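Visitor: Input: one structure, supplied below.
The values are calculated or read from the model by the stated rules, or taken from the named source; none is laboratory data. Because the structure is predicted, anything quoted here is derived from the model rather than measured. Don't worry about glycine lacking a Cβ; one is built from the backbone with ideal geometry, like all the others, and counts go over all protein chains shown. Surface areas here come from the heavy atoms of the whole protein model, side chains and all, with no ligands, DNA or RNA. Shrake-Rupley method; radii C 1.70, N 1.55, O 1.52, S 1.80 Å.
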Amino acid sequence: MSVILAIAGDASASIDDATIRRSLGSMHAASDDHLAIWRGAGATLAVARQPWELSPSLSGDALVVAEGELAIAADASIYYRDDLTAALARARVVASGSTASHLVLAAYRAWGADCAAHLEGDFAFVIWDGAAKRLMAARDYSGKRTLYFAPLASGGGESLALASSPAGVLALPGVSTSLNLVAIAETAAGMWGGSAETCYEAVRVLQGAQTLTKEPGAPLRLHQHWTPPRASTRGAPPFEEAAIELRKLLTRAVTERLDTEGDTSVWLSGGWDSPAVFAAGASALDAVNSRHRLRPVSISYPEGDPGREDELIREIAARWNAPVHWLDIQNIPFFDHPAERAAARDEPFAHPFEMWHRSLARGTRATHSRVALEGVGGDQLFQLSEVFLADLLRTGRLAELSREWKAKGMTNAGFSTCFRWAIQPNVPRPALALAALVR
């Protein structure tokens, strides 16, 4: 995806283009990416986009967009554009272009630093307001696009750097690389989430639904531009009406996210969420006789595996005459060169679904899609299993097996339960097949 960089304050003038390019490169900007560096009085903004992102239905041909005293660097997809355009018209503002960057900048002209509250989309952006000498940045509530920030020591305490990843910030002179040992320990203990801290003392993450503003002589300000609406059953419609309304909302939400220039993939499982997304999108495409389709990408598990949902997925896909692009779970390692990946990561946290997501993304490319609607494509990490009891039996840890059996309240369970979890996984398949034949 796109990577963005912003430097505001006195330090922006002293950082040359070569350093900015190194910063973008540290965030995996490739040599064939489209790159732009914009310099204004008091700020420098930069963007690098992959060529496929320049499609009109994605970022468009905009890199850094400058309009008078305003400039923006954005990694964004904006939805419900008709609603936004109507709201801008009521505020007597007209966007100067149709890309996400132009729309966000128009929203800033209409509502100032509160503009993110008026946007629907996946976004991380930085705006420089030269007239007010104000730096403003925001992320959407789900935090799909990342943004990190840190003070620049060379700017006398007033300079600030923002980038799509910690590496982009750390590549700049004047940013401390001291490690945050407490944050690292918390991550190692599995206590991640909910904090703006990173594994570097100086670097913070702008959290989902947050807006950052920095003006001369004032402390950096963070505020929530979105909070979950309060749920209430008072005055709620009957269930049937609510179901119809939910379907309308889901269908429109999915439709807004479809690629208007090609097919869209959906990471399909056999549960509730991704099939609902798939059905909403497929129904919407059928309703307008679109030539584009939704392409399901799913993970296949062996028969008998608790994560197997292949039959359900096939039934769901067949309802819409959609062939499934299958990925074999046996070709997806849970860990893939963990030491090398840990050395290359900006932070110690490793997402447990990383290899699943990488494989599903490759599956999306195999369907010639540029946009994927998320699901997990079939997943076994949600499954609850007592199969570890078989490991205790196989390794002779009988006392530990007894303790675990009692702790799980299985003392009164019959032989069939004991056989299923502790014995059967240790019996070779040929022996099980022979026993079934004899039985």
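Visitor: In whole angstrom, note down how far apart the Cα centers of segment 11-89 and segment 248-288 are.
Guide: The two parts, judged by their Cα centres, are 29 Å apart.
Visitor: Per residue, what accessible area does the chain have, given a 1.4 Å probe and all protein chains present, in Å²?
Guide: Each residue of the chain exposes 53 Å² on average to a 1.4 Å probe.
Visitor: Let me ask something additional. Fully extended, how many nm does the chain gain between Arg345 and Glu201 (0.36 nm per residue separation, minus their Cα-Cα distance)?
Guide: Length difference between fully extended and current span is 50.2 nm.
Visitor: Further question: Which residues' amide hydrogens lie under 5 Å from the amide hydrogen of Leu147, considering only partners 5 or more residues apart or on another chain, with H built in the peptide plane?
Guide: Leu206
Visitor: Most fluctuating residue of Arg230, Arg365, Arg109 in a GNM of the chain with Cα springs under 10 Å: which is it?
Guide: Highest fluctuation among the options: Arg230.
Visitor: How far apart, in nanometres, would the label points at Asp17 and Glu303 be if each is projected 7 angstrom from Cα along the Cα-to-Cβ direction?
Guide: Placing both labels 7 Å along Cα→Cβ, they lie 6.4 nm apart.
Visitor: If you don't mind, another one. Quick one: which residues, 5 or more positions from Tyr301 or on another chain, have an amide H under 5 Å from its amide H? H modelled 1.01 Å from N in the peptide plane, none for Pro or chain starts.
Guide: Long-range HN contacts for Tyr301: Glu309, Asp310.
Visitor: List every residue whose amide H lies under 5 Å from the amide H of Gly60, counting only residues 5 or more places away in sequence or on a different chain, with H placed 1.01 Å from N in the peptide plane.
Guide: Excluding prolines and chain starts, which carry no amide H, the hits are Ser55.
Visitor: Right, next: Would you work out if segment 298-439 is rounded, prolate or oblate? Take a ≥ b ≥ c from the square roots of the eigenvalues of the alpha-carbon gyration tensor; rounded if a/c is under 1.5, else prolate when a/b is larger than b/c, oblate otherwise.
Guide: Here segment 298-439 falls in the oblate category.
Visitor: Can you give me the angle between helix 273-287 and the longest principal axis of the chain, using Cα atoms only, in degrees from 0 to 90, rounded to the nearest 10?
Guide: Roughly 60 degrees between the two axes.
Visitor: Lysines near Lys248 by alpha-carbon distance under 23 Å, same-chain residues fewer than 8 away left out - which ones?
Guide: none
Visitor: OK, next. Hey, for a label at Ser385 modelled as a point 7 Å past Cα toward Cβ, could you say which residues of segment 315-344 have their backbone N under 17 Å away?
Guide: Under 17 Å, as judged by backbone N against the label point of Ser385, lie 328-335 of segment 315-344.
Visitor: What number comes out for the charge environment of Val266, summing +1 per Lys or Arg and -1 per Asp or Glu over other residues with Cβ under 11 Å away?
Guide: 0
Visitor: Which residues does the label zone of Ser232 cover in segment 242-279, counting backbone N under 20 Å from a point 7 Å along Cα→Cβ?
Guide: Answer for segment 242-279: 242-243, 246.
Visitor: Residue by residue, what Karplus-based ³J(HN,Hα) values in Hz, rounded to whole numbers, does segment 115-120 have, using 6.51, -1.76 and 1.60 with θ = phi - 60° and x for Gly and Pro?
Guide: 5, 4, 5, 9, 10, 10
Visitor: Per residue, how much space in cubic angstrom lies within the convex hull of the C-alpha atoms of the chain?
Guide: 213
Visitor: Which of Ala29, Ala163, Ala196 ends up with the largest GNM mean-square fluctuation for the chain, with Cα atoms connected below 10 Å?
Guide: In this elastic network of the chain, the residue with the biggest mean-square fluctuation among Ala29, Ala163, Ala196 is Ala196.
Visitor: Within 10 Å, count the other beta carbons around each residue, average over each peptide in 367-373, 410-416, and list them highest first.
Guide: Packing proxy ranking, top to bottom: 367-373, 410-416.
Visitor: Would segment 126-232 count as rounded, prolate or oblate if I go by the C-alpha gyration tensor, calling it rounded below 1.5 in a/c and otherwise prolate when a/b exceeds b/c, oblate otherwise?
Guide: Working: a/c = 2.13, a/b = 1.05, b/c = 2.03.
Oblate, because a/c is 1.5 or more while a/b does not exceed b/c.
Visitor: A further question follows. What is the extension gain from Glu120 to Glu67, computed as 0.36 nm multiplied by their sequence separation minus the C-alpha to C-alpha distance, in nm to one decimal?
Guide: 16.8 nm
Visitor: Working out 0.36 nm times the residue gap between Trp52 and Leu434, then minus their Cα-Cα distance, what length gain in nm do you get to one decimal?
Guide: Value of the extension gain: 132.0 nm.
Visitor: Also: Could you give each residue of segment 41-56 its phi-based ³J(HN,Hα) in whole Hz, using Karplus coefficients 6.51, -1.76, 1.60 with θ = phi - 60°, and x for Gly or Pro?
Guide: Along segment 41-56, the couplings run 6, x, 7, 10, 10, 9, 9, 10, 10, 6, x, 5, 6, 7, 4, x Hz.
Visitor: With all protein chains present, how much of the accessible area of the chain (probe radius 1.4 Å) comes from carbon and sulfur, to the nearest whole percent? It would help to have the intermediate numbers written out before the result.
Guide: Numbers: 12930 of 23440 Å².
Answer for the chain: carbon and sulfur cover 55 percent of the accessible area.
Visitor: Rounded to the nearest 0.05, what FRET efficiency is calculated for Glu245 and Thr395 with R0 set to 51 Å and r the Cβ-Cβ distance?
Guide: Numbers: r = 55 Å, r/R0 = 1.08.
Here the calculated transfer efficiency is 0.40.
Visitor: For the chain, set up a GNM with springs between Cα atoms under 10 Å and report which of Lys144, Lys133, Lys248 has the largest fluctuation.
Guide: Highest fluctuation among the options: Lys248.
Visitor: Tabulate in residue order the Karplus-calculated ³J(HN,Hα) for segment 362-370, using 6.51 cos²θ - 1.76 cosθ + 1.60 with θ = phi - 60°, rounded to whole Hz; enter x for Gly and Pro.
Guide: 5, x, 4, 4, 5, 8, 6, 9, 10
Visitor: Next up: Which FRET efficiency value, to the nearest 0.05, do you get for Leu220 and His337 by plugging their Cβ-Cβ distance into 1/(1 + (r/R0)^6) with R0 = 45 Å?
Guide: Once rounded, the FRET efficiency stands at 0.70.
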